[in-house]
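The values are calculated or read from the model by the stated rules, or taken from the named source; none is laboratory data. This one's a predicted model, so the numbers in the text were calculated from it and none came from an experiment. Virtual Cβ from ideal backbone geometry, glycine too; neighbours counted across all protein chains shown.
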Amino acid sequence: MTLYFACGWVIRPDTDYDHLTHLAGDVECELVAVAPIYMSNEGYAVMTFAVGVPSEAHLVKLIEAVGEEVGLTHWYSVTEDYFNRGKTLYLNVLPPEMREQWLAGMDAYGKHNAEVKRKAL
């Protein structure tokens, strides 16, 4: 039986999305991004990740593999239907121009979030 979890993630600049996808696979987790990106009440741009895992222990392995500093630490249970709304971030299959545009947009969100955080301190 597969378990499903999601995490609202405050987008960070310079994130290696390919690395995140591979880390998830290495610990037997299927990681997807669920659209759309939204703005939190605090003004942060947030992307929701979801995972399908064989057990909660696999989710713990993913959290440990990714590292606490990335911010994928607060997961909650979701349905399979919710998980299925997501898309795997296999960016290497995109044409280079589309990939670069997407990464630039995500980096801009991350820089925005860094500025919001800086102003809040």
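So which residues in the range 51-69 are hydrophobic (A, V, I, L, M, F, W, C) and under 30 Å from LYS119 (Cβ atoms)?
To start, the set of residues in the range 51-69 that are hydrophobic (A, V, I, L, M, F, W, C) comprises 51, 53, 57, 59-60, 62-63, 65-66.
Matches in the range 51-69: ILE63, VAL66.
Quick one: in the range 17-46, of everything that is modelled with pLDDT of 95 or more and among the acidic types (Asp, Glu), which residue is farthest from TYR82 (Cα to Cα)?
GLU42
Looking at the range 47-55, can you tell me whether even one residue there is out of contact with any helix residue (DSSP H, G or I) (no Cβ under 7 Å at 6 or more places or on another chain), over 22 Å from GLU100 (Cβ atoms), surrounded by fewer than 19 Cβ atoms within 10 Å (Cβ to Cβ) and modelled with pLDDT of 95 or more? Give the steps one after another, and end with the answer.
The initial filter retains those residues of the range 47-55 that are out of contact with any helix residue (DSSP H, G or I) (no Cβ under 7 Å at 6 or more places or on another chain), namely 47-49, 54-55.
When the remaining residues are screened for being over 22 Å from GLU100 (Cβ atoms), the result is 48, 54-55.
Restricting the remaining residues to those that are surrounded by fewer than 19 Cβ atoms within 10 Å (Cβ to Cβ) gives 54-55.
Next cut, modelled with pLDDT of 95 or more only: 54-55.
Yes; the residues of the range 47-55 include at least one that is out of contact with any helix residue (DSSP H, G or I) (no Cβ under 7 Å at 6 or more places or on another chain), over 22 Å from GLU100 (Cβ atoms), surrounded by fewer than 19 Cβ atoms within 10 Å (Cβ to Cβ) and modelled with pLDDT of 95 or more.
Being in contact (Cβ under 8 Å) with a residue 12 or more places away in the chain and among the β-branched types (Val, Ile, Thr), is that true of even one residue in the range 79-97? Give the derivation first.
The first filter runs over the range 79-97 and keeps only residues in contact (Cβ under 8 Å) with a residue 12 or more places away in the chain, leaving 79-80, 82-83, 85-92.
Of the ones still in play, those that are also among the β-branched types (Val, Ile, Thr) are 79, 88.
Among the residues of the range 79-97, at least one is in contact (Cβ under 8 Å) with a residue 12 or more places away in the chain and among the β-branched types (Val, Ile, Thr), which makes the answer yes.
So which residues in the range 76-102 are modelled with pLDDT under 95 and either on the phi > 0 side of the Ramachandran plot or in contact with a Ser or Thr (Cβ under 9 Å, 6 or more places away or on another chain) (or both), if there are any at all?
Once the filter is applied, which keeps residues that are modelled with pLDDT under 95 and either on the phi > 0 side of the Ramachandran plot or in contact with a Ser or Thr (Cβ under 9 Å, 6 or more places away or on another chain) (or both), the range 76-102 yields THR88, LEU89, TYR90, LEU91.
Across the range 84-121, which residue is surrounded by the most Cβ atoms within 10 Å (Cβ to Cβ) among those that are aromatic (Phe, Trp, Tyr) and part of a helix (DSSP H, G or I)? Full working, then the answer.
To start, the set of residues in the range 84-121 that are aromatic (Phe, Trp, Tyr) comprises 90, 102, 109.
Going one step further and asking which of them are part of a helix (DSSP H, G or I), we end up with 102, 109.
Values: TRP102: 14, TYR109: 20.
Within the range 84-121, the match that is surrounded by the most Cβ atoms within 10 Å (Cβ to Cβ) is TYR109.
Could you tell me which numbered condition ASP81 fails, if it satisfies all but one of (1) outside any helix (DSSP H, G or I); (2) more than 22 Å from GLY110 (Cβ to Cβ); (3) charged (D, E, K, R)?
It fails just one condition, (1).
What are the residues in the range 3-27 that are within 18 Å of VAL78 (Cα to Cα) and in contact with a helix residue (DSSP H, G or I) (Cβ under 7 Å, 6 or more places away or on another chain), if any?
Of the range 3-27, the ones within 18 Å of VAL78 (Cα to Cα) are 3-9, 24.
Within the range 3-27, LEU3, TYR4, PHE5, ALA6, ALA24 qualify.
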